[in-house]
Amino acid sequence: MTVATTDTPEFVVVGIGADGWAGLTDRVRDELRSATVVYGSTRQLELLPELDATTVAWRSPMSEHLQQVLSETSDSPVSDTTVHVLASGDPMFHGVGSTIVNAVGRDRVRVLPTVSSASLACAELGWDLSRTQVISTLRDDADVVVPALTDGRRIVVLSRGAQTPAAIAEVLVRTGFGWSTMTVLEQLGGPSQRIIESVARSYRPQPHDALNIVAIDCVGPRTTRLPGLPDDAYEHDGQLTKSAVRALTVAALAPGGRGLLWDVGSGSGSVAIEWLRADSDGSAIAFEHDDARAARLARNAARHGVAGALTVRGAAPESLRDAPDPDAIFIGGGLDDKVLTAAWRALLPGGRLVANAVAVQSQSLLVEWHSRLGGLLRRFSIETVEPLGSMTTWRPALPIVQWVVTRTDDES
């Protein structure tokens, strides 16, 4: 495929490591020598020699300053203006390069990468990068590592700053991975490189360089991203889709890729959370009218490391109206004809709707909609062993009727 070129302003994104100018290729050095204006962090700009270019340090917050630069450059009448932007390591690996390309289009951006910090870390540790999971905390809290934790896995965490190692140690201890080896690698590849190794449970907060990453060699329980976590994995007030039904429900929703889920009448948020755990590219909106439950839902999301991908809104159907159109919808609470109608109209073609009903009236509603639109209608009856005096018996839960339907292009 040929990439189109235009006479509009161009952005050149240059990756630079902690070794600075010495670590750049001749091509990249020549590029920077020809620059008119160079943007970067104060630390990055200090790595450059004296250049003819004007250097501009990012203001805080950097994201707002970057958007201003992108906007001003795009509106500039000068067609030969070239803006150079410094980035850490590989700009397209959790870096500013992706942000710029998404904002202005790839035909207006040239990217000159250097070795990523993840590659440098794996080289130092002797780890196979292809078998190492990389997680970024640049925009998320340290809890984002939770879904990836399992015995024997190796993880490289891109840190937000000097406090990230302590936050990760706390998460590891809290989730049963306190015996994991945690290695903090600072200023990788540069003259001030420092590597500190400890067991997570023995880690004590200490001064770290802001430019660090954390490598985790996991020791702890074997976990899975498959749905059906134990019920006690959630804080709830009884409004919880139970483990076995939750597993069937999330499987029916078929999470995958960058799909958006609406979890209507979310309660504890367990279905939305396990949708997000199943595929880290997904996102979800939870609709919950009760403020206490909404707050509890948010705590559950943080506990399971998916808070950054979950948005909490108010009651349905009112709050559905201005929400982004979903790829999948689960209705577990507040099921009525108005909610079903609003949800069905919003569902994108090819999207899937799953609704669970316990009350006879709600079950009848699903039977009616199934008769009109088809899909799969099934009833679950699950029994568990519980004490009966000095013995045990099978205790049935309330049966649940579930409707699963996929929207085709011609349905309205």
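The values are calculated or read from the model by the stated rules, or taken from the named source; none is laboratory data. Values in this document were obtained by computation on a predicted structure and should not be read as measured data. Positions of Cβ are generated from backbone atoms using ideal geometry, with glycine treated the same way; all protein chains shown enter the neighbour counts.
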Residues (assigned to a loop (DSSP other than H, G, I, E, B) and either in contact with a strand residue (DSSP E or B) (Cβ under 7 Å, 6 or more places away or on another chain) or outside the structural domain of Val157 (by TED's automatic domain parsing) (or both)) located in the range 194-217: Tyr203, His208, Asp209, Leu211
Counted residues, the range 176-193 - those being within 19 Å of Asp143 (Cα to Cα) and part of a strand (DSSP E or B): 4
When residues of the range 357-412 are limited to those that are in contact with a helix residue (DSSP H, G or I) (Cβ under 7 Å, 6 or more places away or on another chain) and aromatic (Phe, Trp, Tyr), the one nearest to Leu340 (Cα to Cα): Trp369
Among the residues listed as Gly161, Gly190, the single one being in the same structural domain as Gln133 (by TED's automatic domain parsing), under 26 Å from Ile16 (Cα atoms) and in contact with a Gly (Cβ under 9 Å, 6 or more places away or on another chain): Gly190
Qualifying residue in the range 37-44 (condition: farther than 19 Å from Ala22 by Cβ, in contact (Cβ under 8 Å) with a residue 40 or more places away in the chain and not assigned by TED's automatic domain parsing to the domain that holds Arg160): yes
Flag if Ser136 is among the hydroxyl-bearing types (Ser, Thr, Tyr) and surrounded by fewer than 22 Cβ atoms within 10 Å (Cβ to Cβ): yes
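Yes/no matrix, rows are residues, columns are (1) of a type in the set (A, V, I, L, M); (2) at pLDDT 95 or above; (3) closer than 13 Å to Leu86 by Cα; (4) not in a loop (DSSP other than H, G, I, E, B):
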position: Glu31; (1), (2), (3), (4): no, no, yes, yes
position: Leu51; (1), (2), (3), (4): yes, no, no, no
position: Ser63; (1), (2), (3), (4): no, no, no, yes
position: Gln68; (1), (2), (3), (4): no, no, no, yes
Residues that are among the charged types (D, E, K, R) and touching a residue at least 60 places away in the same chain (Cβ under 8 Å), drawn from the range 93-133: Arg106, Asp107, Arg108, Arg110, Glu124
Residue match in the range 165-177 (condition: under 22 Å from the mean Cα position of the chain (by Cα), surrounded by fewer than 19 Cβ atoms within 10 Å (Cβ to Cβ), modelled with pLDDT of 95 or more and among the basic types (Lys, Arg)): yes
